[in-house]
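Q: Take this structure first; my questions come after.
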Amino acid sequence: MSCIATWKQDNYIFSVLSDMNHAAPWCLRIQEPVDDLREAHIFLDTICDPGDSNGMFSTIDMLILDLNKITIPSMCADEFEGCSDERFCQTNYRPFCHRTCGICKDDVDLCTFPESMNGNWLIGNNEGKSDVMRVETYKIDVPGSGSFHCLAKNVSKNNRVMLLHVFKNGCYPRFACLEQRKYSKSTLLFRIGKRLNWPDFPFENTKDKTCRDDKFKILADTGTGSEYVDLPMTPAMDASEFSTMDCKLPDDFGFRTGFLYFRDNSSKCDVCFSYMPTNRNDLFDVTSVNYTDNCPKYPYSFYCGASFNFSDIETHAVITGTIEDRRQVPNFLCWAFVGKGDKRKLIVLNSSGCNKLTIQRVINGAEKPLAIFQIREKERNMCTLSWPIPSNPIRPTTRLPPIRTDEPTYRPINDAGRLNNIAPLNMAPSTVSLRTLGFAVIVSYFMTSLSQQR
C-alpha cells in the first residue's frame, strides 16, 4: 500500500492508502501518540470517519486492528509473540517465526567495538553545540540516528563492522555497516552506510550485502548538479581528552609572514589571523580589527585537533577546539583554507562538516557556512606583532571535565540514499539551521555557548 494523502483532525491522524490492485483507496485512522499505538481503524468504503463523541461511526465497513508493540533486540527473533507455539511452523505463519522454526540461529561470534572507540565522542550539530556519541563494548548510540549493536567485525575491507540498528518504538531492526578509523589522538572518523531491511538470512550473505561498497554511495547535490559520491566521514572529538596537533597550514596560502588580514563580506567585520609555526604549530590566533557594536574586540586562540588536505579542491582544513574555562568542554569548529592567489578565502563550518563534500557544496553556493572571510592584501600591515597571550592556554594534551550522558533522543532518519543538505550519518538536520554569520555572531555564539556550559 502507498500513502497518497495524510492529515490531522482532532486527536487522530488520517492517511489515504492506495493499492494498484484495488479500484478504491482505503483510509487508515490512528490515534496519537503514534509511538504507543494500541488500535487502528481501516475504512474500506472511501470514508475517513472521525466518529462522534460516543465513539460511534457512520460506517461499519471497516477493519479494527488491535496492536501490541514489541521490541526486537537481536538479529534472530520472531516477528510476533504467537510464534512461541511451534504449531505455527506447520502453517503459513512459518516465514514470520524465524527463531522458533529454525530459520535463523543465534550462534554468531561475539562482536565488540574496537577499544580505541570506547567512550564518549562529541559531534558538532547545526545548533552550534555538540551532541554526544556513546560507544560501549557491544553497543553504540549515535545522536540523531539511533542505537546499534555490534554483530560482526572485519567485514569486507577497511575493517568494516556489521551493525544491527534497533528501535524501542516497535519498528523492525535494520542492518547497517560501520566504517571508522582513529585519525588523530583526539579525532575519530566514522560513517554508517545505508540500511538493509530485516529479516535477511542466511547471516553470511547478509554480512556481504550490508557492507558492500554501494552502501556507502549517496546521491548528493554538489552545487553543480546531482551525482553519486562517497558518503563522507563524520569527525567525532574525544570527550575526555583533547590533544593538539600540527595545524599544517599551507605556506602558499600566505602564512610565510605569519599574518593575514580577513574581511567577512556579510558583516564587514575585519579580523587579523596569526599563525607562527616556528613558535607553536598547533594553534593560531584570531582578533577583531574594527571595534564596533557588530564587531567587538575579540582575541582568541584556536587549537588544532585534526588537519586535512583536500588537494583536488585546493583546500586545507583543520578542526579546532577552544577552552576558556577548564570546567568546560571545548567548542569545535572547522576552518577551511580554500584556493590560491586572489581566489583565497577562509570558510568556517561546524566540525561535523569538515569533509570534502560539504566544503565543495559551500564553494559552489549549495550550502551556507557559519562564515566566509576574504583576504584583504592592502591592509595586511595593520596586523601587528602585538597579540594578547591567552590567560589559560591549552596544553598539548588536556584532560576534559566529565560530560552529561543522558539517554539520547533521536530525530527521524532521512532517506539514506540521497543527500541534499549535508548532515552527519544521513541524519535529519536539526530544526534550527544556522545561516551565514558575521564574525560578531561567531563571537556571540562562542561566548553564549561557553556561559551555558558553566
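Q: Sort 169-179, 232-242, 352-362, 74-84 for me by packing, meaning the mean count of neighbouring Cβ atoms within 10 Å per residue, highest on top.
A: 352-362, 232-242, 169-179, 74-84
Q: Okay, moving on. Spin-label point model (7 Å from Cα, Cβ direction): what's the D61 to N92 distance in nm?
A: Between D61 and N92, the simple spin-label model gives 2.3 nm.
Q: Please sort 269-281, 36-48 by packing, taking for each peptide the average over its residues of neighbouring beta carbons within 10 angstrom, highest first. Mind dumping the intermediate values first?
A: Working: 269-281: 18.0, 36-48: 15.1.
The packing order, highest mean first, is 269-281, 36-48.
Q: Of all the Cα-Cα pairs you can form in region 115-235, what percent are over 18 Å apart?
A: Roughly 55 percent, once rounded to a whole number.
Q: What ranking do 370-376, 340-346, 132-138, 65-71 get when scored by the average of other Cβ atoms within 10 Å per residue, highest first?
A: 370-376, 132-138, 340-346, 65-71
No lab work stands behind these numbers, since they all come straight from the coordinates. These numbers come from a predicted model, not from an experiment. FYI the Cβ positions are ideal-geometry reconstructions off the backbone, even for glycines, and counts take in every protein chain you see.
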